[in-house]
Structures are given as structure tokens and as C-alpha cells.
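Visitor: Got a structure here, written out as C-alpha cells. Questions coming.
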2 protein chains.
Amino acid sequence: MTASLKFVNVGIIGPGLVGRALIKQLMEFGASNGVRIAGIINSKSMLLIKGDDWESAVKDWPNNSETSNMQNFTAHMASQAVPVMVDCTSSDAVAGQYPEWLSQKLSIVTPNKKGFSGDMKLYKTLSQANQNTYVYHEATVGAGLPIISTLKSLVRTGDKIVKIEGIFSGTMSFLFNTFSAPNGAPESFSKCVGIAKDSGYTEPDPRDDLNGMDVARKVTILGRVAGLDISLDTLPVENVVPEALRSCQTSEEFMTKLPEFDEHFGKLNAEAAARGEVLRYVGTVDPSGKSCTALKAFPNTHPFASLKGSDNIISFITERYPVPLIVQGAGAGADVTAAGIFSDILAISDRHN
Amino acid sequence: MTASLKFVNVGIIGPGLVGRALIKQLMEFGASNGVRIAGIINSKSMLLIKGDDWESAVKDWPNNSETSNMQNFTAHMASQAVPVMVDCTSSDAVAGQYPEWLSQKLSIVTPNKKGFSGDMKLYKTLSQANQNTYVYHEATVGAGLPIISTLKSLVRTGDKIVKIEGIFSGTMSFLFNTFSAPNGAPESFSKCVGIAKDSGYTEPDPRDDLNGMDVARKVTILGRVAGLDISLDTLPVENVVPEALRSCQTSEEFMTKLPEFDEHFGKLNAEAAARGEVLRYVGTVDPSGKSCTALKAFPNTHPFASLKGSDNIISFITERYPVPLIVQGAGAGADVTAAGIFSDILAISDRHN
């Protein structure tokens, strides 16, 4: 590193589990490596860091915070050299502020899928290169796994995407790896959902995972990065929640009634097993117009079949990779998500140094 | 892209299969995207491109070339804005020129392993960050697969490497995937070597693959990127060539005598199969001092066991990824190697734009 190292100034919006893991990683990275924290904000309070001793200020936080004011926070960040806004929320409203941030020359790094899977006009604004202002979102798909960067590299170097397919939801991964193991003696579907819920792999209401929308957002993002005009509104999304249970008022009611459908899911599973296959909930990006999310059967020998735990896996079939390029590993969790964000921050640092 | 886009000027050294695939990819990328070819050189002739119409000059090549002169080529490249030397050779002598290139502010991109797996002093020179002059070598391991970039990102964001293990040689991959398939009825080892040779997967003398040195160089590179003081001279490398056949004068003599050792390899394979395992030739980076290359047995359910064809696979076990992060896919071939180089060229373009 040279004497003229330009520091990146990070502003953290919504420091929950992921944001706190990121703060820890940045503190361990140390003061001399080109990244410092310039501010932290949540819905109630904020910390605007002035002066060089950012590490002491972060250590004192939240004791040294003041009342939250997003406008003042943004102005504070815009006054920094090489500012990067890190949106650690999953909020549509925060994503709605990205164009304003960009107009103030604030770079953006985020695991928040909303800005990239919603309005196409917003996506186009975010994906346009803009000298010295950058938008990176590796952690929107697969947390810290090199998925978005790999796809971008394939596309930029002129490879042609034939099909992208993967298991992008840690919840769906865990659920079907448990329910439909190769050569396994299956538990009932409702019991597997219960295990996933009790192990902390699901949202408080498991239907928020089973409806496929999280996977659909990731398919939309991957499709757009691949250059497709793909939209959440028109993407075929398979909702695994039985139709009769979508109107249950509470997750308890849903969990109580789910066993009524064990026979249905058990039959699907048994039919797949008879063919030497397992069930997996996958997202597919297919430039021929067949992008979707769906519960599909894969042979026991397929890489998707041997997936373990809540791991993600993605398979890129391209002109240059007729045998797929595959990336797999933990696709959720605070530490790996924070590492994905951190890596994007370093990419911005590289572009300024 | 903005009006002030800075073009990267690429000089291609040693345009063989990979270099020609790269030229094709760069030509398809087009003149307006920020990369152009400024020169091409091999041991006999060279082309120094002057003026804006580089595409016509490249199309005319080699008819418009002059006598090769590395000193003039280097001076020509040094006179370009944002020059990148792309070493497509596997030459020690060319790698020896890297320090001179760097001193002239020439960035370097290469699949040539020699400079990164040889003398530690040279490696340190190459790995030192230097404002506006960069060295990228993604394609030294796994061609276009995101291996070096993934490892660098893990290390930079503060993750701790526990173990890196992989099948890094397309030849060794094909050979042992054929010889030692899960539940397969094996052909003899010598026959499998013959199939690999006849299919074009080996060097003209298969001993140049079987000696493990290609894998050892990759382990050395990965270990160094991971921050280890690892050296080819002291790395334990398993040579699969039976000791008695190392002194054979010709590859024909080697191939003729290899069947004498079929019983030895068949026994190893049968013993592994009896344990539900297969044989794989792997490279291991282990910060506890146990880095090596070796023929090892893996359970039939291990991701290494289900590898197909000549694919590469790499498994990163780290503090944040106790269940490994895995990358797999084609790790050799002109098009994917060229794409790995191209991606590095674009990374340098990004750092200047």
C-alpha cells in the first residue's frame, strides 16, 4: 500500500445481526487498511463520527448516539471522501432512497434484495456505471458466496448463459435436504417444516419462506444481471404452501393444519424416490423465457441431491461451460453475509486506489 | 460508461491456443468497451500496433508482423496508456522479465504459473500492491474458475483458512475419475492412462502430469495467496510414476512398461472400493504445515468422488465456512483460460475507470 491510500468511509444503515457482524469485521481489519466507519443509523438513533478516532466512537456506540435523522445522516456521509452507504435492512423504503444517494455521489453496498428485484427502472439506475460511484450487491444472492461476481464476469467476458439453476434459500435447502434425502427414510413433510422452524431456519411464519418469494427475488436479480428483462410480477413462482392454508390467520393455525397435506407431499416424494430422484426447490434463470421457481425432482447423483444442511448451490451452464460451473456453500448467516458486504467495500476501495 | 473511459492496452506474449482464444474474445468485445490490443509477440515475430485501428491490424496478423524483439516490444507497450502485458507462455524466462515490466509500470495478467510458484522473492515482488500497476493471475489455478479471487476475498476480509483441498489437474481428474469411479468396474490403470493420452488430456509424455508437479505449483500458488511461506522445493509431492519407470528414455517405453504396475494400482483401488471410497489425486494447503500433493481415498459420497470428466474442484474450509465453500467446473481449455485472463484485464480496466 502506498502513502496516498484513499480511505473508504462506510455508513451502516440498520445494524442488526449482519450489521453488527460487519462492524466487528471492520474493527478487526484495523485502522490502517483503508476502510473506516463514518456513521451508524437505525430507526431510533444514529452516530455521526467526526475526527480520526472512529474506532473509539464505534466502541462507545450506542451510548454516544443521537436521535435518528436520515437526512442529516446522508448529508454527513456525502461530506466524506469516498463514501459508501451499507444498507443492512431488508426495507423497500430504504431501497427507495438509493437514487437520491447516488445523486449525492454515495456508493452503495447491500444484501437488501428489494432495490434489485423490484421496479425495473430502479434496477437500471442502480446498474448503470457511474464514475467514482458504485453499486455492489454480492450478498443479495448466496451471502458471501461468489455468485453475482462470477455471473458478471461470465457476461462481461462474452460468455452466453444457457441456464442458471440453483438452491438459493437456506430454508428451502434445509427443508428438502431433510425431507427428501437420497436413499433416506423420510419424516413427514409437516414434521420437517417443524424441525426447520425449531432450528431457526424459517421466518417466524414458515409460509414466508414456503411461498417462494425469497427465491423469486434472487432469480429476478440473477436474471437481470444476466441481461434479461425479468420481473417479479410475471415470473412463475411455485408456492409450496397448500392453497387451503394460505388464508390461515396465524402461523400456529398453519402448523396445526399442515399435517393434513403430509399424504400429498409424501406421495410426491415417494414417486421421485421410485425414479431414483429427490425433490429440491430451485430457482431457474433461462434466457429462452422459461425462468421460474419450482419444486423439481433431480437424480440422486445430481449435485443438488447431495447438498447438506442449509447450504446454497448454483449451477451456471454457459456456452463455455457446457458442463456446469458450480459454486456451493453457506448462503446465509451473519458472518458470511457481512463478509460478502466487506468484500464489496474492498472492491470499491480498490477502484479508488 | 463515461466519455472519459480509459482504454486498457493489451500486449499478448506467446499467442498459442490460449492467446488466440483471447484475441478472439477481445475482438468480439469490440472497440468501444475499453480494451484494445496494442501488440502481439512470439519467439519469431511481433506486431506493434500504432494508431486507432487496432482491429484491422489484428485481423491482418501475422502477415503484417516484423522480426521479434522483446526489448522493442516492451518499450512499445510502455509507451501506451494503461498497458497490460499478457504472458500466455509457460516459460520461466518470460516470468523472469516480470520485475523489469513492473519497473516500467506495465501491469501483468497471466496463466503462467512459473512466476508465482518459483522463487519466493519474485512472488513477493509480484504480490506487492503498486498504485496503477497490477498483477492478476486468476488463470494460474483452475483456468476461468473463480478460485484465486475467492481465496483473496476470504483472506482480505479476515477469514481464517483451515484447509484448502482440491483436484487441480484436468489430467489427474480425468485419469482417476475413469480409473476409480464410485461403484464402477475398473479398467486397468495403464489402460486408463492410455485413454487419457489418446483423448488429448495428457502431455506428450504422461509422466509430466503424473509426477504431480503441475498440482504442486498450484498448491504453492494457493498457499502463498493464503499467506503461507510455502515453497516448491520443500513441499511433499507424490509422484504417481512408479520409481522404476522414471528413468525410461521415452514415453513409449514408459507406456509399454506401465502394465507391470497395474496390479499395484488395482490393489490400491480395490482396497479403497472395499471401504466405499475412491482414489483422487489432490493438492492440499494446510496452514498447520501439512500442505502437500498426494493420492488419497475419499468416500463415495464426497464431492470429489462424483466429479466428472476433467473437471476441477476446490474446497475451502475456513473459520466462517466450517462446511466448505466449493467451486467446481472446467479447469482447463483455451476458451475458459482466455476468459479467466479477460476477466483479469477487465479488473484492471475497472481500477482505472
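Where a number appears in this text, it was derived from the coordinates with a stated rule and is not lab data. Just so we're clear, the structure is a prediction, and the values are computed from it rather than from any experiment. Cβ coordinates were reconstructed from backbone atoms using ideal geometry, including for glycine residues, and neighbour counts include every protein chain displayed.
Visitor: Going toward the positive end of the dipole of the stretch A:4-123, with +1 on Lys and Arg Cβ and -1 on Asp and Glu Cβ, which of A:Asn112, A:Val8, A:Gly51 do you reach last?
Guide: A:Asn112
Visitor: Rg over Rh of the protein assembly as shown, using C-alpha atoms and the Kirkwood radius, what does it come to?
Guide: Over the Cα atoms of the protein assembly as shown, Rg/Rh equals 0.98.
Visitor: Under a Cβ-only charge scheme (Lys and Arg +1, Asp and Glu -1), can you give me the dipole magnitude of the protein assembly as shown about the Cα centre, in debye to the nearest 20?
Guide: Details: 64 positive and 74 negative charges, 226 e Å.
That gives a dipole near 1080 debye.
Visitor: If each residue's Cβ is checked for other Cβ atoms within 10 Å, how do A:Thr284, B:Thr67, A:Thr220 rank with the fewest at the top?
Guide: With the fewest neighbours first, A:Thr284, B:Thr67, A:Thr220 line up as B:Thr67, A:Thr284, A:Thr220.
Visitor: Using the Cα centre as the reference, give the magnitude of the dipole from point charges on the C-beta atoms of chain A (Lys, Arg: +1; Asp, Glu: -1; all else neutral), rounded to the nearest 20 debye. Provide the component values of the computation, followed by the final result.
Guide: Details: 32 positive and 37 negative charges, 189 e Å.
My answer is approximately 900 debye.
Visitor: Put a dot 7 Å past each Cα toward the Cβ at B:Leu5 and A:Val323; how far apart are the dots in nm?
Guide: Between A:Val323 and B:Leu5, the simple spin-label model gives 3.6 nm.
Visitor: To the nearest 0.05, what FRET efficiency results for A:Asn63 and A:Met120 with a Förster distance of 41 Å applied to their C-beta separation?
Guide: Working: r = 43 Å, r/R0 = 1.05.
The value I calculate is 0.40.
Visitor: Once each part is reduced to its C-alpha centroid, what is the distance from the stretch A:251-313 to the stretch A:63-108 in angstrom?
Guide: Between the Cα centres of the stretch A:251-313 and the stretch A:63-108 lies a distance of 40 Å.
Visitor: Apply the Karplus parameterisation 6.51 cos²θ - 1.76 cosθ + 1.60, with θ equal to phi minus 60°, to every residue of the stretch B:314-319 and state each ³J(HN,Hα) to the nearest whole Hz, in sequence, with x for glycine and proline.
Guide: 3J(HN,Hα) across the stretch B:314-319, in whole Hz: 9, 10, 9, 9, 9, 4.
Visitor: Which one, B:Pro322, A:Phe29, A:Thr178, projects farthest toward the positive side of the charge dipole computed for the protein assembly as shown from Cβ point charges (K/R +1, D/E -1)?
Guide: The residue sitting farthest along the positive end of the dipole is A:Phe29.
Visitor: Report, for B:Asn33, each distance to the same residue's label point in the other copies, shortest first and in nm; define the point 7 Å along Cα→Cβ.
Guide: Here B:Asn33 shows inter-copy label distances of 3.3 nm.
Visitor: What is the extension gain from B:Lys290 to B:Lys267, computed as 0.36 nm multiplied by their sequence separation minus the C-alpha to C-alpha distance, in nm to one decimal? Walk me through the numbers on the way to the answer.
Guide: On the way: separation 23, 0.36 × 23 = 8.28 nm, distance 2.64 nm.
In short, 5.6 nm is gained.
Visitor: Moving to a separate point now. Which number do you get for Rg(Cα) / (2.2 N^0.38 Å) in chain A? Please report the intermediate quantities before stating the final value.
Guide: On the way: Rg = 21.6 Å, N = 353, 2.2 N^0.38 = 20.4 Å.
Ratio of Rg to 2.2 N^0.38 Å for chain A: 1.05.
Visitor: Under 12 Å from the Cβ of B:Val82, count the other residues' Cβ atoms, weight Lys and Arg +1, Asp and Glu -1, and hand me the total. Walk me through the intermediate numbers first.
Guide: On the way: positive: B:Lys6, B:Arg36, B:Lys105, B:Arg351; negative: B:Asp350.
Once all neighbours under 12 Å are counted, the net charge is +3.
Visitor: Could you run the Karplus curve 6.51 cos²θ - 1.76 cosθ + 1.60 with θ = phi - 60° over the stretch B:237-253 and give me ³J(HN,Hα) per residue in whole Hz, x for Gly and Pro?
Guide: 10, 7, 8, 6, 5, x, 3, 5, 9, 6, 9, 4, 6, 10, 5, 5, 4
Visitor: Just checking the output field for A:154-161: average partner chain Cβ neighbours within 10 Å of each residue's Cβ?
Guide: Details: counts 4, 0, 8, 17, 11, 6, 0, 0.
Shielding by partners across A:154-161 averages 6.
Visitor: May I ask you to sort A:Leu175, A:Leu228, B:Leu307 by Cβ crowding, counting other Cβ atoms within 10 Å and putting the fewest first?
Guide: Working: A:Leu175 27, A:Leu228 17, B:Leu307 21.
Going from sparsest to densest Cβ surroundings: A:Leu228, B:Leu307, A:Leu175.
Visitor: Can you tell me the 0 to 90 degree angle between the C-alpha axis of helix A:189-198 and the longest principal axis of chain A, rounded to 10?
Guide: Once rounded, the angle reads 20 degrees.
Visitor: May I pose another question? Using the Kirkwood radius over Cα pairs, work out the Stokes-Einstein diffusion coefficient for the stretch A:1-113 at 20 °C and 1.002 mPa s, in µm²/s as a whole number. The partial results should precede the final answer.
Guide: Numbers: Rh = 14.2 Å.
Translational D for this selection: 151 µm²/s.
Visitor: Applying 1/(1 + (r/R0)^6) with R0 = 51 Å to the Cβ-Cβ distance of B:Ile195 and B:Ser32, what FRET efficiency is obtained, to the nearest 0.05? Each step should come with its number before you reach the end.
Guide: Numbers: r = 46 Å, r/R0 = 0.91.
My answer for the efficiency is 0.65.
Visitor: Between B:Asn132 and A:Asn132, what is the FRET efficiency for a Förster distance of 22 Å, r being their Cβ-Cβ separation, to the nearest 0.05?
Guide: Details: r = 16 Å, r/R0 = 0.73.
The calculated FRET efficiency here is 0.85.
Visitor: In debye, nearest 20, what is the charge dipole magnitude of the stretch B:209-353 about its Cα centre with +1 on Lys and Arg Cβ and -1 on Asp and Glu Cβ, if you could check? Kindly include the intermediate steps, with their values, before the conclusion.
Guide: On the way: 13 positive and 19 negative charges, 91 e Å.
Magnitude of the dipole: close to 440 debye.
Visitor: Rounded to the nearest 5, what % of the DSSP beta bridges within chain B are antiparallel ones?
Guide: Percentage antiparallel, nearest 5: 65.
Visitor: Could you list which residues have their amide H under 5 Å from that of A:Ser45, counting only those 5 or more apart in sequence or on another chain, with H placed in the peptide plane?
Guide: A:Ser68
Visitor: Apply the Kirkwood formula to the stretch B:151-330: the hydrodynamic radius equals the inverse of the mean of 1/r over all pairs of different alpha-carbon atoms; give it in Å with one decimal.
Guide: Values: mean 1/r = 0.0592 Å⁻¹.
It works out to 16.9 Å.
Visitor: Sort A:Asp214, B:Asp198, B:Asp350 so the one with the fewest other Cβ atoms within 10 Å of its own Cβ comes first. Write out the running numbers ahead of the final one.
Guide: On the way: A:Asp214 22, B:Asp198 9, B:Asp350 16.
Least crowded to most crowded, the residues run B:Asp198, B:Asp350, A:Asp214.
Visitor: Let me ask something else. Points 7 angstrom from Cα along the Cβ direction at B:Lys44 and A:Ala244: gap in nanometres?
Guide: My value for the distance between the label points is 7.9 nm.
Visitor: Give the angle, between 0 and 90 degrees and rounded to the nearest 10, that separates the Cα long axis of helix A:17-29 from the longest principal axis of the Cα atoms of chain A.
Guide: 50 degrees
Visitor: Quick one: net charge of B:Cys292's neighbours, Cβ under 9 Å, K/R +1, D/E -1?
Guide: That works out to -1.
Visitor: Once you place label points 7 Å from the Cα toward the Cβ at A:Ser79 and A:Ser231, how far apart are they in nm?
Guide: 4.2 nm
Visitor: Here is a further query. Averaged over its residues, how many other protein chain Cβ atoms are within 10 Å of peptide A:313-325's Cβ atoms?
Guide: Mean shielding by partner chains, rounded to a whole number: 4.
Visitor: I would also like to ask the following. Relative to the other copies, what are the label-point distances for A:Ser45, with labels 7 Å from Cα along the C-beta vector, expressed in nm at one decimal and sorted shortest first?
Guide: Label-point distances to the other copies, shortest first: 7.4 nm.
Visitor: Still on this structure, I have one more. For the stretch A:187-252, rounded, prolate or oblate, judged on the Cα gyration tensor with a ≥ b ≥ c (square roots of eigenvalues), a/c < 1.5 rounded, else prolate if a/b > b/c?
Guide: Prolate.
Visitor: Find how many whole Å separate the alpha carbon centroid of the stretch B:166-207 from the alpha carbon centroid of the stretch A:176-204.
Guide: 40 Å
Visitor: Could you state the angle between the C-alpha long axis of helix B:170-179 and the longest principal axis of the C-alpha atoms of chain B, as a value from 0 to 90 degrees rounded to the nearest 10?
Guide: In chain B, helix B:170-179 runs at an angle near 20 degrees to the longest axis.
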